[in-house]
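Enquirer: I am attaching a structure below and will ask some questions about it afterwards.
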């Protein structure tokens, strides 16, 4: 019944999309490591730089967990994991959001303390071939480097994530697209310090940390809702996936079906679920049900694992209310 | 639209950048008017306080710095704790005494980069113009 092999989740055209996404994540990973190293070397005692640095360090996590998860997710089901490994993506998404949220909270407190204690950032100089340069300028150059390639990568990953119905990839792309805001805020902070406004630094750090908390909270809530088996939603706008309504209508049109109710949940990129049907003629053969299963699976690649259950009345199974 | 904003930003930055960084507490401007007030902790050979004469390697560095910047200067001495406290309150401008970059005062004061890979001069936190001038001197005098 179930096609068992090691790479069975995605249809062929999406396998190409996935390998492209993997390539982009590898590029992201290498690029982000370079950013994190450069920022560490230049941040000095600037609170805004520290905040932007930790945020960038943390943004390594979606890339890493995506790359790890994408090696595991399509292993076939076995006796230990009879439902397969699809949910590895949901787990990666959850851990990433917990980390982001916690880091945001830490940075918020850290920056608030710096602000309250009136901690003035001391930013020194660097001499490059006889020219004395204020480190603030170097920080700004590094911040620009941390923003522009990230933005381009984000733009490239976004459409792939939508096609793959992959939340972790989507969130990663969205965060990277918005990363220029962090960099810009940090640049304002550093410029403020240059202008002699000592609190500009910790104030912008506080601002950045609030945006990290906001992102973290949003992702965390999405991740939890997915693992709570809510009605599947689109990755981009979080509206309910109307694929389920389409399936209901399709099933209701079958000649042997009088009425039907469907229920699906997200397992990473794909959906698992049940279809309850009231059959017109009580005499329904198992081969007809198996044919029906095939039909449903061919309906859309996201529909991965389905059970069809003939029942006498839909009342106990009607989850549509 | 975005390009316009960027252009304005570039222009603004390049106009104001000439005198960046500034001191939040205008330390360097004050020094120019009133002279540099140097707190000295006795720690030979970096700074030696004997009767009312001040000598040593770091005293020499600062004297030369003041000459090159055309500043007057004055030395005072007290306990290390008092000097650092006064530095934090902007009562004195700089504290010397063979401090290392991992000094216990690290969190309370600003530091120049080491003039000999180990030893630093202590300045009020965040006075980045003053720091800039000091480090410029330290680099060129090497």
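The values are calculated or read from the model by the stated rules, or taken from the named source; none is laboratory data. Small disclaimer: the values here were computed from a predicted structure and weren't measured. Neighbour counts are summed over all protein chains in view; Cβ atoms, including those assigned to glycine, are modelled from backbone coordinates with ideal geometry.
Enquirer: Considering the range A:126-165 alone, what residues qualify as being in a helix (DSSP H, G or I), more than 16 Å from residue A:26 (Cα to Cα) and within 14 Å of chain B (Cβ to nearest Cβ)?
Expert: Keep residues of the range A:126-165 that are in a helix (DSSP H, G or I), which gives A:135-164.
Applying the additional criterion that residues be more than 16 Å from residue A:26 (Cα to Cα) yields A:135-148, A:159, A:162-164.
Answer for the range A:126-165, where residues must be in a helix (DSSP H, G or I), more than 16 Å from residue A:26 (Cα to Cα) and within 14 Å of chain B (Cβ to nearest Cβ): A:135, A:136, A:137, A:138, A:139, A:140, A:141, A:143, A:144, A:147, A:148.
Enquirer: When you check residue B:87 against the structure, is it under 21 Å from residue B:125 (Cα atoms), touching a strand residue (DSSP E or B) at 6+ places or on another chain (Cβ under 7 Å) and away from chain A (no Cβ under 14 Å), yes or no? Break it down into steps so the answer makes sense when it comes.
Expert: Details: under 21 Å from residue B:125 (Cα atoms): yes; touching a strand residue (DSSP E or B) at 6+ places or on another chain (Cβ under 7 Å): yes; away from chain A (no Cβ under 14 Å): no.
No, not satisfied.
Enquirer: With respect to residue B:106, is the statement that it is surrounded by fewer than 18 Cβ atoms within 10 Å (Cβ to Cβ), under 28 Å from residue A:137 (Cα atoms), over 13 Å from the mean Cα position of the chain (by Cα) and free of Cβ contacts under 8 Å to residues at least 12 places away in the same chain true?
Expert: Numbers: surrounded by fewer than 18 Cβ atoms within 10 Å (Cβ to Cβ): yes; under 28 Å from residue A:137 (Cα atoms): yes; over 13 Å from the mean Cα position of the chain (by Cα): yes; free of Cβ contacts under 8 Å to residues at least 12 places away in the same chain: yes.
Criteria met by residue B:106.
Enquirer: While we're on this one: Please go through the range A:65-83 and give me each residue that is surrounded by fewer than 16 Cβ atoms within 10 Å (Cβ to Cβ) and farther than 17 Å from residue A:19 by Cβ, ordered by number.
Expert: Matches in the range A:65-83: A:76, A:77, A:78, A:79, A:80, A:81, A:82, A:83.
Enquirer: What helices (runs of 4 or more DSSP H) lie completely within the range A:166-258 and have 3 or more residues being more than 22 Å from residue A:64 (Cα to Cα)? Please lay out each step first, then the result.
Expert: On the way: elements: A:167-177, A:179-194, A:199-227, A:243-253.
It comes to A:179-194, A:199-227, A:243-253.
Enquirer: I'm trying to understand the selection: among the residues of the range A:290-316, which are more than 30 Å from residue A:168 (Cβ to Cβ) and buried (at least 18 other Cβ atoms within 10 Å of the Cβ)? Full working, then the answer.
Expert: Within the range A:290-316, the first condition is being more than 30 Å from residue A:168 (Cβ to Cβ), and the residues that meet it are A:290-292, A:294-295, A:308-316.
If the condition is that a residue be more than 30 Å from residue A:168 (Cβ to Cβ) and buried (at least 18 other Cβ atoms within 10 Å of the Cβ), then A:292, A:308 are the ones that fit.
Enquirer: Just to verify a result, which residue in the range A:109-125, among those that are farther than 15 Å from residue A:189 by Cβ and more than 14 Å from every other protein chain (Cβ to nearest Cβ), is surrounded by the most Cβ atoms within 10 Å (Cβ to Cβ)? Break it down into steps so the answer makes sense when it comes.
Expert: Taking the range A:109-125 as the starting set, the residues that turn out to be farther than 15 Å from residue A:189 by Cβ are A:109, A:113, A:116-118, A:124-125.
Of the ones still in play, those that are also more than 14 Å from every other protein chain (Cβ to nearest Cβ) are A:109, A:116.
Values: A:109: 12, A:116: 9.
Restricting to residues being farther than 15 Å from residue A:189 by Cβ and more than 14 Å from every other protein chain (Cβ to nearest Cβ), the top hit is A:109.
Enquirer: Let me ask you something else. Confirm whether residue A:202 is closer than 30 Å to residue A:125 by Cβ, at pLDDT 90 or above and within 14 Å of chain B (Cβ to nearest Cβ).
Expert: Values: closer than 30 Å to residue A:125 by Cβ: yes; at pLDDT 90 or above: yes; within 14 Å of chain B (Cβ to nearest Cβ): yes.
Yes; evaluated as a whole, the condition is true for this residue.
Enquirer: Taking residue B:33 and the conditions (1) surrounded by 14 or more Cβ atoms within 10 Å (Cβ to Cβ); (2) within 27 Å of residue A:132 (Cα to Cα); (3) free of Cβ contacts under 8 Å to residues at least 12 places away in the same chain, which numbered condition does it fall short on, given that it satisfies the others?
Expert: The one condition residue B:33 does not meet is (1).
Enquirer: Of all residues in the range B:121-137 being closer than 19 Å to residue B:41 by Cβ and facing chain A (nearest Cβ under 10 Å), which is surrounded by the most Cβ atoms within 10 Å (Cβ to Cβ)? Break it down into steps so the answer makes sense when it comes.
Expert: Within the range B:121-137, the subset closer than 19 Å to residue B:41 by Cβ is B:121-125, B:134.
Filter once more, so that each one left must be facing chain A (nearest Cβ under 10 Å): B:123-125, B:134.
Working: B:123: 23, B:124: 26, B:125: 24, B:134: 24.
Ranking the qualifying residues of the range B:121-137, first place goes to B:124.
Enquirer: Taking the conditions exactly as written (surrounded by fewer than 23 Cβ atoms within 10 Å (Cβ to Cβ) and either within 14 Å of chain B (Cβ to nearest Cβ) or in contact with a helix residue (DSSP H, G or I) (Cβ under 9 Å, 6 or more places away or on another chain) (or both)), does residue A:93 satisfy them or not?
Expert: On the way: surrounded by fewer than 23 Cβ atoms within 10 Å (Cβ to Cβ): no; either within 14 Å of chain B (Cβ to nearest Cβ) or in contact with a helix residue (DSSP H, G or I) (Cβ under 9 Å, 6 or more places away or on another chain) (or both): yes.
So residue A:93 fails the test.
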